[in-house]
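Novice: Let me begin by handing over the structure; questions about it come next.
Just so it is clear, none of the values below were taken in a lab; they were calculated from the coordinates. Just so it is clear, the structure is predicted and the values come from calculations on it, not from any experiment. In this analysis, Cβ positions are derived from the backbone assuming ideal geometry, glycine residues included, and neighbour counts consider all displayed protein chains.
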Amino acid sequence: MIALASLRQRWSGLLGTAATLAVAVAVLTVSGLLLLSAQPELPARYAGTPVLVRPVPPADPEAFTDPRPWSADAADALAVRLARLDGVAAAIPEHGFYAQLVRNGRVLAGARDAVGWSAASLGGYALRSGQPPAGPGEVAVDAGLGIPAGAPVTLLTARGAETFTVTGTADGPGIWVSDALARSRAPGVRVIGLLIHGTADAAAVSAAASGIVGADGEVLDGGRRAAVEPVADARTRWIGMQVLTAVSALGAFVSVFIVASTVAFATRRRHREIALLRLLGAAPRQVRRMIFGEVTVVGLAGGLAGAVVGLAAAAPIGRWLVRTGFEPATFDLTYPPAVPV
């Protein structure tokens, strides 16, 4: 009660302390949310595949280089062996090559690879309209682009600008060509997806696949599938992590040292008031309890205000990080409840 009464009389003197604490908590909240959200993500085109197989990854994960791909023949042979495992419905090697969709003279953001139509099932995508691509000049695109079947489109590939005819649209993002074209142009295979029967156990299938793959590759299931994230995204995410870590350290410094110094300075200025309380018979523990009470109230008020500001500011700052290249386009902000606490 004494602490509250003192705060009502001296609120202006502690306003700076509360504001400093609010800024520090806001910085920590924003950086904490962004750090927790900046984790490797499974590409959407593999979201429907419970088990993935890839070549042996580089020894140094921070080298940010792709694993050396299998040749098309080696990948197809391995896929045949994997397809024979119990519980495996299909083993699909992803053949693909560089391609970007050009519309109205501008390259569209999104997919940077054209893959064989059979790989559409790895993302759980299905044909929404038209027919799947079967010939060398045919392509299927995302239905969300609004490009009808039969329309010509331009793909920017390693060979230059090429004209394809849209034969169908799918219910997910991507560019799909015929399996034969994808296989003939693919520089290699970096992923084999294992689709399993509904009653099969993904962990058991993963263990069995590891026995077949051996030292020639790596089998991923569950959260480990995020390891197939594109190298460019992983590099961008790593850069963003360094920036966010530095910001978090700055926020921690402000929280601990500057706030503590501000409180100590404000208490030091009250030496006459504290001396008067001691003269009137207040025990040292009572004075300490009063000061601790004031600091607690100020801390709760400043911390709550900072948490609210941090939660509100995290989303626009996250979008800014994506625009400036500190986070990949796949960055998705999450709100774990423990961060503001």
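Novice: When you take every Cα atom in segment 188-264, what is the radius of gyration, and what is Dmax, the widest Cα pair distance, in Å?
Specialist: 22.0, 66
Novice: To make sure I understand, if each residue's beta carbon is the centre and we count other beta carbons within 10 Å, what order do 165, 17 fall in, fewest to most?
Specialist: Details: 165 14, 17 22.
Least crowded to most crowded, the residues run 165, 17.
Novice: With the cut-off at 1.5 for a/c, could you classify segment 44-226 from its C-alpha gyration tensor as rounded, prolate or oblate?
Specialist: Working: a/c = 2.08, a/b = 1.62, b/c = 1.29.
Prolate, because a/c is 1.5 or more and a/b exceeds b/c.
Novice: Return the single residue from 79, 227, 264 with maximal mean-square fluctuation; model: Gaussian network over the chain, springs between Cα atoms under 10 Å.
Specialist: The residue that fluctuates most here is 264.
Novice: Follow-up. Which residue fluctuates the most in the chain, going by a Gaussian network model with Cα springs under 10 Å, if the choices are 24, 314, 109?
Specialist: 109
Novice: Compute the Rg to Rh ratio over the chain from the alpha carbon atoms, using the Kirkwood formula for Rh, and round to two decimal places. Mind dumping the intermediate values first?
Specialist: On the way: Rg = 29.0 Å, Rh = 24.2 Å.
Computed over Cα atoms, the ratio is 1.20.
Novice: Please give the calculated 222 nm ellipticity per residue for the chain, where each DSSP H segment of at least 4 residues contributes -39500 (n - 2.57) and the sum is spread over every residue; nearest 500 deg cm²/dmol? Please list the in-between numbers first.
Specialist: Details: 8 runs with 149 residues, N = 341.
The helix-only estimate for the chain comes to -15000 deg cm²/dmol at 222 nm.
Novice: Provide the per-residue ³J(HN,Hα) series for segment 21-26, in order, calculated from phi with Karplus coefficients 6.51, -1.76, 1.60 and θ = phi - 60°, each as a whole number of Hz, with x at glycine and proline positions.
Specialist: 5, 4, 5, 4, 5, 4
Novice: Once the Cα atoms of helix 202-213 and of the chain are each reduced to a long axis, what angle between those two axes, in degrees from 0 to 90 to the nearest 10, is obtained?
Specialist: 60 degrees
Novice: Just add up the charged neighbours of residue 237: K/R +1, D/E -1, any other residue whose Cβ is under 10 Å from the Cβ of residue 237. Present the calculation step by step, with values, prior to reporting the outcome.
Specialist: Details: positive: 235; negative: 41, 229, 233, 327.
Around residue 237, the charge tally is -3.
Novice: Right, another one. Could you please state, rounded to a whole Å, how far the C-alpha centre of segment 95-162 is from the C-alpha centre of segment 18-57?
Specialist: With segment 95-162 and segment 18-57 each reduced to a Cα centre, they are spaced 29 Å.
Novice: If neighbour count is taken as other Cβ atoms inside 10 Å, put 241, 290 in order from fewest to most. Provide the component values of the computation, followed by the final result.
Specialist: Values: 241 16, 290 19.
Listing 241, 290 from fewest to most nearby Cβ atoms yields 241, 290.
Novice: For every other residue with a beta carbon closer than 10 angstrom to the beta carbon of residue 66, add +1 if it is Lys or Arg and -1 if Asp or Glu, then tell me the sum.
Specialist: Working: positive: 54, 68, 190; negative: none.
Around residue 66, the charge tally is +3.
Novice: Please report, largest first and rounded to whole Å, the three semi-axes of the ellipsoid equivalent to segment 121-188, where each semi-axis is the square root of five times an eigenvalue of the C-alpha gyration tensor. Before the final figure, lay out each step's value.
Specialist: Numbers: eigenvalues 67, 43, 22 Å².
Ellipsoid semi-axes (Å, largest first): 18, 15, 11.
Novice: With loop defined by DSSP as not H, G, I, E or B, and exposure as at most 13 other Cβ atoms within 10 Å, which is the longest segment of the chain clear of exposed trypsin sites (Lys or Arg not before Pro)? Before the final figure, lay out the partial values.
Specialist: Details: sites that count: 84, 159, 269.
The answer is 160-268.
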